[in-house]
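Data block below; observations after.
The values are calculated or read from the model by the stated rules, or taken from the named source; none is laboratory data. Just so we're clear, the structure is a prediction, and the values are computed from it rather than from any experiment. Cβ sites come from the backbone with ideal geometry, for glycine too, and all protein chains shown count toward neighbours. Protein only, heavy atoms only, side chains kept; ligands, DNA and RNA dropped before computing areas. Shrake-Rupley method; radii C 1.70, N 1.55, O 1.52, S 1.80 Å.
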Amino acid sequence: MPQMTIAKALGEGLRAAMDKDPKVLIMGEDVGKLGGVFRVTDGLQKDFGEQRVLDTPLSESGIIGTAVGLAIRGYRPVCEIQFDGFVFPGYDQIVSQLAKVRFRSQGKVPMPVVVRIPFGGGIGAVEHHSESPESLFAHVAGLKVVACSNAEDAYWMIQQAIETDDPVIFFEPKRRYWEKAEVSVAQPPAPLFSSRVLRPGGQVTVACYGPLVKTCLEAATAAEAEGLDLEVIDLRALSPLDLGPVFESVRRTGHLVVVSEAPSESSVTAEVAARVQQECFFSLEAPVLRVTGFDTPYPPAKCEEDFLPDLDRVLDAVDRSLAW
Amino acid sequence: MSDPQGWIPGDPRSRPTPEHIVTGLKGTDAGGEDLVQLLTPEGVRVPDERFESYAADIDEAMLKDLYRDMVLVRRADREGNALQRQGQLGIWVPLLGQEAAQIGAGRALEPQDMAFPSYREHGVAWCRGIDPTDLLGIFRGTDHGSWDPLEKRFHLYTIVIGNQCLNATGYAMGQVFDSRVGGADTGTTREATMCFFGDGATSQGDVHEGFVWAAAYDAPVVFYCQNNQWAISVPLEKQTRVPLYQRARGYGFPGIRVDGNDVLACLAVSRWALAECRSGNGPVLVEAFTYRMDSHTTSDDASRYRLADEVELWKLKDPIERVRVNLVREHGVEPEFFADVDAEADALAERLRAFCRAMPDPSPDRIFSEVYADLSPQVEAQKAEYLAYRESFAESIGSEA
């Protein structure tokens, strides 16, 4: 099995999708010659040409709005938004058109568009480059939202997202782009809209996604040294959520910690907590605890280590849950 | 801004400059010296060096067809207003006054072309073969648009102002990628896209971005702006310092101002613009200079913000009357033709009324229909739960009946 970084796996996934279907287009700022600011699309324009890998004007509403038109025409555009905090000029087109054209037309006009967004902090960046806006999309009916956390998922989930006949907002953990792992290119490990148990355990369930999956796996390893047995679940699909494995796990452990970089208020983690209390009420030995970013704007980078949930904060929540 | 000295509104001996017009002194059909006109408000056919050839084939029969189109869509429009007043529709968006702008553009479209409307384009919809009854659901609240956009080559109404300019541009980029633009014209192999929006939309970022993208990708889009002078209560001078058609120059493509109440000029200019786009010379901006004779919608009250004098002045520039006069004077058309069209219009109105009153409400499961290609488990669960909850009242509802 080849070793790949997440960035490389995404690029290879895009390449495979483009090879498979000539209607797949890549469009975004600097995605062509430069290969994207994170080099995810490196080499694709050279191989597929300027009509399939479009270096677009600097205009996010334009990227999404024209992708909607191209989808009406029968194309399957994959849009790159350069950074999480830059998606908002395109948010109107995402919410008003991309999410609603299928419903408006009652299925006559599908919207098979993928919007890739590198998200999350931890890279010492200036403002608007470290945000976690996934809940703003998960709240919008008509959109599907996923987040990958490792190279193998990156390779497969991007292809599965492109094959989906609905718009998919695809979040990529930017601070993990350069982390390598083995990628099985033979077949996808799971359907796109499914969560996965990455580490089985019996005492506390930890649900997470995106960049913090690695953090939680490391926390589980550290806990093991202290004799604690954590089960780590990578949610992967944020809308629709696939909480079956979480319910099953919580019914065994009685304890749940939900982890995300995003602010907690009205968030994906809030949704997980609400549904788990509804489905697993009598199994819970403690309230569902959340370890998240604060309900503040993303801070200046020199504060981000305090803002971002880390291994210790995850284990602190685990301890509090068990001590309840 | 220049002052209106030297121009007396309503006095045909003086003419306003474009600056007069955009500063709110709009009571004229004379949209400046660049206005393209083939039929005067008095019904006199006048030549136009540049666009004459694009209306050369319009004989008496075709002019009658255009007249019929306009009368029928006006009648449908008035019936829409009436149905709202009778409580049959939640709202209606009138096109009154814009019949020529819409029929001229709509009849210039070829079957293979694509159109992206705003929400007032009942006349263009008519030209695309969409029956006026198919528009009612949007305003009655039974659907968000009932026709097949790909079959009719007419996208669904877009209500968020300006969004469709980017969608149209993207579609037109696809026409380029599909090699349907430029090259040899073999009838239906070349395509263009027409995007409809109003003067108010020109203040939206998406219209700007649409212009930028269309220019960057040589996209075959005719940006067709119906300048009806009012964005609900906001007059044109709050949107622009220059006449709208002149904005195209800043984006590097042509902009033409046409008399939007002159169906021949709208047809000719639209045909020219679409031909330019199909041959690879797009995009093009067309500003159809017209007037919204009614309120913005049935929920609006235009008397709160504009003078009745202005409306009265524009009544003299009526898009239908000038064609009627021309048909009588220059083609000797008999009154019987007009009576027949009126009768047809009345029948259409009657058909609309009957159809509207008989429209069934959608069933509650419509809420959940086609949100996704495959409904998510949670929405599926909500649907099942709600329908079961509703079903639990079936017995008591049944016993009341």
**Item:** Some residue of the stretch B:366-375 being within 14 Å of chain A (Cβ to nearest Cβ), in a helix (DSSP H, G or I) and open to solvent by less than 40 Å² (accessible area, probe 1.4 Å)
**Value:** yes
**Asked** Quick check: is even one residue across the stretch A:94-108 touching a residue at least 60 places away in the same chain (Cβ under 8 Å), assigned to a helix (DSSP H, G or I) and at the interface with chain B (Cβ under 8 Å from one of its Cβ atoms)?
**Response** yes
**Message:** One residue is enough: does the stretch B:99-115 have a residue meeting the conditions over 15 Å from the mean Cα position of the chain (by Cα) and in a helix (DSSP H, G or I)?
**Reply:** no
**Prompt:** Is it the case that some residue within the stretch B:94-114 is more than 27 Å from residue B:164 (Cα to Cα), aliphatic (A, V, I, L, M) and open to solvent by less than 10 Å² (accessible area, probe 1.4 Å)?
**Reply:** no
**Complete:** Residue pairs qualifying under the 6 Å Cβ cut-off, at least six apart or on distinct chains, with the first in the stretch A:109-123 being under 16 Å from residue A:29 (Cβ atoms) and the second being charged (D, E, K, R) and not in a loop (DSSP other than H, G, I, E, B), are A:116/A:80; A:117/A:84; A:118/A:172; A:118/A:174
**Prompt:** Does the stretch A:27-45 contain any residue that is part of a loop (DSSP other than H, G, I, E, B), of a type in the set (Asp, Glu), within 14 Å of chain B (Cβ to nearest Cβ) and without any contact (Cβ under 8 Å) to a residue 24 or more places away in the chain?
**Reply:** no
**Residue tally, condition surrounded by 21 or more Cβ atoms within 10 Å (Cβ to Cβ) and among the polar types (S, T, N, Q), over the stretch A:245-282** = 5
**Message:** Can you report the number of residues in the stretch B:335-380 which are more than 30 Å from the chain's Cα centre (by Cα) and of a type outside the set (Ser, Thr, Tyr)?
**Reply:** 10
**Request:** Residue by residue through the stretch B:215-252, note down the ones that are surrounded by fewer than 24 Cβ atoms within 10 Å (Cβ to Cβ), in contact with a Gly (Cβ under 6 Å, 6 or more places away or on another chain) and over 21 Å from residue B:35 (Cα atoms).
**Result:** B:215, B:231
**Request:** Kindly provide the set of residues from the stretch A:184-201 that are within 26 Å of residue A:228 (Cα to Cα), open to solvent by 60 Å² or more (accessible area, probe 1.4 Å) and part of a loop (DSSP other than H, G, I, E, B), ordered by number.
**Result:** A:200
**Selection count where residues are open to solvent by less than 10 Å² (accessible area, probe 1.4 Å) and touching a Gly at 6+ places or on another chain (Cβ under 8 Å), scope the stretch B:194-214** = 7
**Asked** For the stretch B:151-164, does any single residue satisfy the condition of being facing chain A (nearest Cβ under 9 Å), in a helix (DSSP H, G or I) and crowded, with 22+ Cβ neighbours inside 10 Å?
**Response** yes
**Answer residue from the stretch A:46-89, given it is part of a helix (DSSP H, G or I), open to solvent by less than 20 Å² (accessible area, probe 1.4 Å) and more than 10 Å from every other protein chain (Cβ to nearest Cβ) and is nearest to residue A:27 (Cα to Cα) among those** = A:84
**Asked** Does residue B:361 satisfy the criteria of being open to solvent by 90 Å² or more (accessible area, probe 1.4 Å) and in contact (Cβ under 8 Å) with a residue 12 or more places away in the chain?
**Response** yes
**Message:** Can you report the number of residues in the stretch A:154-183 which are closer than 15 Å to residue A:40 by Cα and part of a helix (DSSP H, G or I)?
**Reply:** 9
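Any residue in the stretch B:175-185 that is open to solvent by less than 10 Å² (accessible area, probe 1.4 Å) and either touching a residue at least 12 places away in the same chain (Cβ under 8 Å) or away from every other protein chain (no Cβ under 13 Å) (or both)?
Checking the stretch B:175-185: at least one residue is open to solvent by less than 10 Å² (accessible area, probe 1.4 Å) and either touching a residue at least 12 places away in the same chain (Cβ under 8 Å) or away from every other protein chain (no Cβ under 13 Å) (or both).
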**Asked** Given (1) open to solvent by less than 10 Å² (accessible area, probe 1.4 Å); (2) more than 20 Å from residue B:268 (Cβ to Cβ), where does residue B:142 come up short, assuming only one miss?
**Response** (1)
**Unique match (being open to solvent by 60 Å² or more (accessible area, probe 1.4 Å), within 30 Å of residue B:198 (Cβ to Cβ) and either away from chain A (no Cβ under 14 Å) or part of a loop (DSSP other than H, G, I, E, B) (or both)) among B:351, B:322** = B:351
